Amino acid sequence: MQNLSETLQKISTDIANASKIHQRKANSVQLLAVSKRHPESAIREAYACGQRAFGENYAQEMLEKAEALQDLAIEWHFIGPLQSNKTRPIAAIADWVHAVDRLKIARRLSDQRPSHLKPLFICLQVNISEEESKSGVLPHELLALAQEVVKLPNIKLRGLMAIPKAETDVELQGETFAKVRCLQENLIQEGLVELDTLSMGMSGDMQVAIAEGATIVRIGTAIFGMRS
Ligand SMILES: *Cc1c(COP(=O)(O)O)cnc(C)c1O
């Protein structure tokens with residue numbers, strides 16, 4: 001097995017190569033290491049290799065890890081569905097929240113963001129494949145939500161996040177990511193000109209996501225191996 005340092009190095013190289021092939025600007029794609037259900041020791045090891053951005057999708061797990069790893073300058077991304085009874089602690093420790101899909105949650109995050117911290121960066125999750133079981137705002141409801149969210153003072157809307165329906169056909173994967181990019185372009189045309197983030201692409205579809213404009217790829221398994 002490769003060690004973690006070599007694995008991170010290889011993924012960074014894959015990101016750089018995909019960026020180049022698809023004429024993306026150098027360093028325009030950030031690697032988010034998704035550490036959910038992996039131990040703190042794995043995060044420490046990745047941190048020692050230079051990785052700074054980590055993603056978690058269970059609130060309680062992220063809070064415990066953030067507490068235990070206070071000595072590290074980690075950029076914490078909460079990428080899971082967020083219940084309203086967990087917004088307060090998440091607003092206090094996260095740098096980013098990726099999966100906001102309701103105004104109520106956005107309002108709570110803004111109200112509860114401690115005033116000594118910079119605004120919390122957020123992405124709106126879009127239910128891009130329009131699956132009934134999935135969270136995320138539906139595409140036709142996105143503009144109205146985004147227009148309310150940008151008014152909130154202590155959060156800053158950075159862009160969109162999506163988890164497309166599982167799909168092995170690369171062409172279809174690409175079409176779905178392209179839809180997310182179009183939605184973002186539409187919001188920009190509607191006046192939300194500061195949006196600059198597309199959080200899309202995981203271990204299995206990172207290359208396609210980069211081709212279609214991802215700026216944050218959320219990679220778990222390819223870095224840390226299978227989750228128990
Ligand atoms: C677990 C998870 C990932 C990482 O998925 P991998 O397939 O392990 O790379 C990315 N995004 C979200 C929202 C996740 O929950």
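State in Å² the accessible area per residue of segment 75-184; use a 1.4 Å probe, count heavy atoms of protein chains only, and round to the nearest integer. All intermediate terms of the calculation are to be shown ahead of the outcome.
Working: 5220 Å² over 110 residues.
Computed with neighbouring chains in place, this is 47 Å² per residue.
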Protein accessible area in segment 4-224, 1.4 Å probe - carbon and sulfur %: 49
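Per-residue counts of other Cβ atoms within 10 Å, averaged by peptide: what ranking do you get for 81-94, 128-141, highest first? Present the calculation step by step, with values, prior to reporting the outcome.
Details: 81-94: 18.1, 128-141: 14.3.
Order by mean packing, descending: 81-94, 128-141.
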Val193 - accessible surface, heavy atoms, 1.4 Å probe, Å² rounded to 10: 100
Cleavage-rule hits (GluC sites (Glu not before Pro)) in segment 154-228: DSSP loop, at most 16 neighbouring Cβ within 10 angstrom: Glu167, Glu190, Glu194
Charged-residue dipole, Cβ positions (Lys, Arg, Asp, Glu), segment 4-224 about Cα centre, Debye nearest 20: 600
P(r) of the chain over all Cα-Cα pairs, binned every 10 Å from zero, in whole percent: 8, 34, 38, 19, 1
Positive-pole candidate from Ile90, Ile15, Asn3, dipole of the chain, charges at beta carbon: Ile90
Average Cα contact separation per residue, the chain, under 8 Å, 6 or more apart, as relative contact order %: 20
Segment 106-173: mean projected area of Cα convex hull, nm²: 5.6
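Test of understanding: what is the full-extension gain from Ala73 to Ala48, defined as 0.36 nm times their sequence separation minus their Cα-Cα distance?
Values: separation 25, 0.36 × 25 = 9.00 nm, distance 1.12 nm.
Here the answer is 7.9 nm.
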Approximate spin-label separation Glu175-Glu131, in nm, with each point projected 7 Å along Cα-to-Cβ: 1.7
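The values are calculated or read from the model by the stated rules, or taken from the named source; none is laboratory data. All of these numbers come straight from a predicted model, not from anything done at the bench. No Cβ is skipped: glycine too gets one built from the backbone with ideal geometry, and neighbour counts run over all protein chains shown. Note: areas computed on protein heavy atoms with side chains; ligands, DNA, RNA excluded. Shrake-Rupley method; radii C 1.70, N 1.55, O 1.52, S 1.80 Å.
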